[in-house]
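Accompanying notes for the structure given below.
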Amino acid sequence: MSQHPQLSVVVPVHNEEDNVAPLIEEICAALRPRLAFEIVYVDDASRDATLARLREIQARVPELRVIRHLTNAGQSTAVRNGVKAARAPWIATLDGDGQNDPADIPALLARRDASPPEVKLFAGWRVNRQDSGSKRWASKFANAIRARLLRDATPDTGCGIKLFEREAFLDLPYFDHMHRYLPALMQRAGWQTVSVPVNHRQRTAGVSKYTNLGRAVVGIRDLMGVAWLIARSRRTAVEELAR
């Protein structure tokens, strides 16, 4: 791209061969009339034709960049590597399964433009989830525990669509599964966060990479770790003395 992007859309994927093309088309339809942007797909060592599909699309979509993990590293690492490679000062993330709606990105941008500079994260809030009943129940239970322990005032931290400042994100402590705790981590760093209602859709292709039990096992450990980080954090304003 000749024009420096104002927004980088980062999409982590693992074995999503049938979802990459329609999602990229939707991203382009939502953003091309509005601003200069790039799409950074991070293929987390897919075993299907995901990478081949991305390479084909890259030939006709100038905004698309493709990064490949040599070994499977998980969603948080994929997001972080995508953000590190991004060239824009603001990042929008989407899950690669197509359940997030790219048409919501302009609304997040509008909310950012109407907000004070202290707000560095605009988190999607799935008010009408299209997941299975068991997944919705597990998510509601996990959100209740997280909210009580972390007090992050965020109704839905698991939503993949988010908008945040690149510099603020890269200043956060990195750990596996950190993408589920971005509001709490941003607040720990001294920034404000806002939840924005967004659309949510059923998965039409592929299979979920998570199970309720798997989420619960790692979630408890991660939750305690984030709580420890918050308890041990200390911030202060700084000033440089003039000569």
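So the values come out like this:
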| item | result |
| --- | --- |
| Any hit, the stretch 48-59, residues being touching an Asp or Glu at 6+ places or on another chain (Cβ under 7 Å) and at pLDDT below 95 | no |
| Residue in the stretch 12-25 that is surrounded by fewer than 20 Cβ atoms within 10 Å (Cβ to Cβ), touching a strand residue (DSSP E or B) at 6+ places or on another chain (Cβ under 9 Å) and without any contact (Cβ under 8 Å) to a residue 60 or more places away in the chain present | no |
| Qualifying positions in the stretch 76-98 - of a type in the set (S, T, N, Q) and in contact with a His (Cβ under 6 Å, 6 or more places away or on another chain) | S76 |
| Residue list for the stretch 56-73, restricted to those being over 15 Å from E16 (Cβ atoms), under 20 Å from the mean Cα position of the chain (by Cα) and of a type outside the set (D, E) | R65, A73 |
| Cross-chain or 6+ apart pairs with Cβ under 9 Å, the stretch 221-238 first and in a helix (DSSP H, G or I), then of a type in the set (G, A, S) | L223/A142; V226/A184; A227/A184; L229/A184; I230/A184 |
| Filter result (closer than 14 Å to N19 by Cα and of a type in the set (V, I, T)) within the stretch 35-55 | V42, T50 |
| The stretch 91-106, subset surrounded by fewer than 23 Cβ atoms within 10 Å (Cβ to Cβ) and of a type in the set (G, A, S), residue nearest to the chain's Cα centre (by Cα) | G98 |
| Pairs with Cβ under 9 Å, 6+ apart, first in the stretch 189-202 and crowded, with 19+ Cβ neighbours inside 10 Å and at pLDDT below 95, second assigned to a strand (DSSP E or B) and of a type in the set (S, T, N, Q) | H200/N100 |
| Single condition I24 does not satisfy, out of (1) over 15 Å from R87 (Cα atoms); (2) assigned to a loop (DSSP other than H, G, I, E, B); (3) of a type in the set (A, V, I, L, M, F, W, C) | (2) |
| Filtered residues of the stretch 54-79 (kept if within 17 Å of V9 (Cβ to Cβ) and either among the polar types (S, T, N, Q) or not in a loop (DSSP other than H, G, I, E, B) (or both)) | L54, I57, Q58, L64, R65, V66, I67, Q75, A78, V79 |
| Matching residues in the stretch 26-52 - criterion: being β-branched (V, I, T) and surrounded by fewer than 24 Cβ atoms within 10 Å (Cβ to Cβ) | I27 |
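The values are calculated or read from the model by the stated rules, or taken from the named source; none is laboratory data. No experiment lies behind these values; they were computed from the predicted model shown. A quick note on method: Cβ atoms are made from the backbone with ideal geometry, for glycine too, and the neighbour counts reach across all protein chains shown.
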